[in-house]
Every structure is written in structure tokens, then in C-alpha cells.
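The values are calculated or read from the model by the stated rules, or taken from the named source; none is laboratory data. If you're wondering where the values come from, they're calculated on a predicted model, not measured in any experiment. Positions of Cβ are generated from backbone atoms using ideal geometry, with glycine treated the same way; all protein chains shown enter the neighbour counts. Side chains included, ligands, DNA and RNA excluded: accessible areas come from the protein's heavy atoms. Shrake-Rupley method; radii C 1.70, N 1.55, O 1.52, S 1.80 Å.
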Amino acid sequence: MLLLGASGFAGEHLRQALSRGRRSVATSSRGAGDGAPACDLLDPEAVAACIEAVRPAAIVNAAGSASVARSWEHPAEVFAVNATGVLNLLEAVARHAPEAHLLCLSSAAVYGEPGSERMPLGEEAPAAPVSPYGAGKLAMEELCGQYARSRGLEIAVVRAFNLVGPGQPAFSAASGLARQIAAAERAGEGRVELALGNPGAARDTTDVRDAARALSEISRRRLTGTYNLCSGRAPTVAELAQALAGDTPLEVSTRVDPALARPSDPPLLLGDPSRLGAATGFAPEIPLDRSLADLLDWWRAELSA
């Protein structure tokens, strides 16, 4: 088992989940100390060398850029690592480990801005991305399909909706709010005013540790095809702020900061998790309140370090 992107948010939790009951090797663009060479997806020779050295029976690719906001600022860079980088990986797998099962992490951003009448979104819903990030993930999915058809590779594509939990980067809404609270606590303040980009935006949200468990199961079962990874619950940004307010002694208020809003921000993204549930028996176990409390505790520790 080879995990790519081990140093990222999902990767850190996947590393633990994938190592249970099976031998796993983890690496990233800088390496991860597990005996595998560093694997920068934008370097075809490095990718080929990594696959050839490990000769894995299974690969989970959690590498790439996960920021929609960054894709608006650096569209070519984000598209390259999420699409061209996976093309380099597919070519290396086809040449050096054609029997390996490959799981590639995609995103609900491929669905774009579907109307509320389409919710919850099943895997057959039309893909119509509205951000460079979503376009790059859809291109990645098309490449995976092409290599499955033309080269006979076993590939699962997993469209993850919002993930939350310890270790989440601050560019994500929940983590940005948690960091604001932890910073105010550390500064000894009695109150904090949380800046919200779009308070009414609602996103299907799953704890990253539940997600890691689901991805591990997909890989273990060598499933192929496309699966939503979601919970079927979609809290708003305002509800995330309210929940986090209950985890701090600070007086919490909120304000809208237009600078935090994205050029395109669907009002609702709600997924249908039934296909994954039917294939694996997976169901989320960690309640949102615990996810947010653990995220806030993680930021407290980070800012105290």
C-alpha cells in the first residue's frame, strides 16, 4: 500500500487508517520517512521512480491542492498538480504497477452550482464545475476513466464533500473560525468577533477521521467507479460559528467580511452517501460537535507550541 500526499490534512489521518492491518508506505512531494522516495506529482521521473521502487499492490492518492480560493489566485498551478500531476501518476502506474488498485481523491466541486431541486447529489448528477479547482478535479476524473478503459487499470474516484477535524488548514471555513477563537483565547481576550465570508453557505460535512476510514475500506475492497464521500448533513457557516462558540468561554459575535467570499459560492452542496454505504457499509460515526471541538483543541495546541 502506497499513500501519496501523506503530509496533507487528509493524508495525516489516512496514514493512520491505512496502516491498520496492512503494510503501508507513505510519502509526499518532500518524502515522509517511510522508505519511499519523495513523489512530486509534477515531476514524471520522480513519480515513476517512486512507483517502481515500491511496486505497491494498492495506491491512495491524496496529493494535490485542496484550496478552491487558491485556485482563483493561481489557476494554472492548482490545475497542473490536480490534473497533470495525476496524469503523470497514471502513466507511472500503467508502466510499473499495472495490477495495482488506485484510489484518487476528487471533490464535490466538480458538481458546480446545482440548484436545490437537485439535492441530495448522487454520483450521476451532472458535473459542471465553476472554479479552476473543480475543473482540475473533473479533468483528473476524465483521465482516470480513460486509463481505466484503455489501459485496464483498477481505479476508484472518490468525490469528497467538505471534511473537518484536527489538522485542517485555516483556509477552510470551520478551521479559520476555530483559529480565530484559539488566537483570541491565547491573547487573553474576553471576546472575539468572527469574520464570516458567506454565513448562509451550507456544505455537506464529514469528519476527516471518518473519511479516512471510508477511503481505507474502498482501497481494501478494491472498488472501482465513482463514489461520493459525504454525510448527508449540510451545516451553514453561521451554524459552524455557533457550534464553536459553545466550546469557548469567550463572548462570541460575528460579522460578514466580503473579502472572504469566493467568486463563486454555491448556497448549498448536499451529497447522497448511499452508493458508498451500499458498497462498504460505511456510515459516519463522529458527530459534528465533536469534530469542531477537536479542531478547536488542535488549534489551541498549535498556537501554544
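See the values below:
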item: Residue (of Thr236, Val86, Ser19) at the positive-pole extreme of the chain, dipole from beta-carbon charges; result: Ser19
item: Using θ = phi - 60° and Karplus 6.51 cos²θ - 1.76 cosθ + 1.60, couplings along segment 74-81 (whole Hz; Gly, Pro as x); result: 9, x, 5, 5, 5, 4, 4, 6
item: Taking all pairs of distinct alpha-carbon atoms in segment 252-305, Kirkwood radius in angstrom; result: 15.4
item: Cα-derived Rg to Rh of segment 165-240, Kirkwood definition; result: 1.10
item: Percent breakdown of C-alpha pair distances by 5 Å bin, ordered from the shortest bin, for segment 179-305; result: 2, 10, 16, 18, 17, 14, 11, 7, 4, 1, 0
item: Net +/- balance of residues flanking Glu45 in space, Cβ distance below 15 Å, scoring K and R +1, D and E -1; result: -3
item: Accessible-area composition of segment 154-305, carbon plus sulfur, in percent [1.4 Å probe]; result: 50
item: Backbone HN-Hα couplings from phi across segment 225-241 [Karplus 6.51/-1.76/1.60, Hz, Gly and Pro as x]; result: x, 10, 9, 6, 10, 7, 10, x, 10, 9, x, 7, 4, 4, 5, 4, 4
item: Phi-based couplings in Hz for segment 55-71 (Karplus 6.51, -1.76, 1.60; Gly and Pro marked x); result: 6, x, 7, 8, 9, 10, 9, 10, 7, x, 8, 10, 9, 5, 4, 5, 5
item: Spherically averaged projected area of segment 30-157 from its Cα convex hull (nm²); result: 8.2
item: Interchain or long-range residues, amide H under 5 Å from Ser28's placed H; result: Gly5, Ala6, Cys39
item: Isolated Cys residues of the chain, judged by Cβ distance under 4.7 Å to other cysteines; result: Cys104, Cys144, Cys230
item: Rounded to 10°, Cα long-axis angle of helix 288-304 versus longest principal axis of the chain; result: 90
item: Dipole of segment 1-143, positive end: most advanced residue of Leu121, Pro37, Gly64 [Cβ charges, Cα centre]; result: Pro37
item: Sorted largest first, extent of the chain alpha carbons per principal axis (Å); result: 59, 46, 38
item: Whole-number accessible area per residue in Å² for segment 122-184, which is evaluated in the context of all protein chains at 1.4 Å; result: 35
item: Cβ charges +1 (Lys, Arg) and -1 (Asp, Glu), total dipole of segment 130-226, debye; result: 360
item: Estimated D of segment 115-211 in µm² per second, where Rh is the Kirkwood radius over Cα pairs and Stokes-Einstein applies at 25 °C, 0.890 mPa s; result: 146
item: Lys, Arg +1 and Asp, Glu -1 on Cβ, resulting dipole of the chain about Cα centre, debye, nearest 20; result: 740
